[in-house]
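The values are calculated or read from the model by the stated rules, or taken from the named source; none is laboratory data. These numbers come from a predicted model, not from an experiment. Counting neighbours? That spans all protein chains shown, and the Cβs are built from the backbone with ideal geometry, glycine included.
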Amino acid sequence: MIVRTLILLSVLSLIPIPVCAEYYKYKDTNGVFRFTDNLLNVPKDQRENIQAYKEAATPEPKPETSNVINEEATLKGENSRIEQLNSERAFLEQSYRDLSAERNLLLESSPSPQEKEAYETHKKRTDAFNEKIKSYEKQRKIFQSKVDAFNAENENP
């Protein structure tokens, strides 16, 4: 309970409270200028000629609207990039499923080497399938580099 109270008091002490003070400038008996916030500390003979100063509290800085607009634009830009990356990911996932289905069909329909004509057709289909895989891998690497770049930008804003 005491620890909680101490933590609460320490947090509350960090909250700035605006203050306005009035202070006075006078000359003491040695001719040195003195400043005080208590009028009773000023000698009676100097109270009539005393200069009073008001210390104005500094206003809190207002957030710049341009920064808010820039942040909103940045968020919109990030959201559009995220949507673009998600659509690319969905396209790549669908391509992967299509390639897997085509691979299974090729494996199921593989003819024996004795059937020359069917074997040559199957070989051409397999070569075309391998080209599709290479194309898919290139697209996947490009996508991965985009994701890595996006993540790097957002880790250290």
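Answer yes or no: is there a residue in the stretch 112-122 that is in the same structural domain as ARG81 (by TED's automatic domain parsing), among the small types (Gly, Ala, Ser) and not in a helix (DSSP H, G or I).
Within the stretch 112-122, the first condition is being in the same structural domain as ARG81 (by TED's automatic domain parsing), and the residues that meet it are 112-122.
Filter once more, keeping what is among the small types (Gly, Ala, Ser): 112, 118.
Those left that are additionally not in a helix (DSSP H, G or I): 112.
Scanning the stretch 112-122, I find at least one residue that is in the same structural domain as ARG81 (by TED's automatic domain parsing), among the small types (Gly, Ala, Ser) and not in a helix (DSSP H, G or I), so the answer is yes.
Residues to consider are LYS123, LYS134, LYS76; find the one that is modelled with pLDDT under 85 and of a type in the set (Lys, Arg). So that I can check it myself, show each step before the final result.
Working: LYS123 fails: modelled with pLDDT under 85; LYS134 fails: modelled with pLDDT under 85.
Exactly one residue qualifies, and that residue is LYS76.
Mind counting the residues in the stretch 75-112 that are in contact with a helix residue (DSSP H, G or I) (Cβ under 8 Å, 6 or more places away or on another chain) and loosely packed, with under 10 Cβ neighbours inside 10 Å?
1
Enumerate the pairs (first residue in the stretch 95-111 and over 16 Å from TYR136 (Cβ atoms); second residue anywhere and of a type in the set (A, V, I, L, M) and part of a helix (DSSP H, G or I)) with beta-carbon separation below 9 Å, excluding pairs fewer than 6 apart on the same chain, so at least 6 apart or on different chains.
Final answer for the pair search is SER109/ALA118; PRO111/ALA118.
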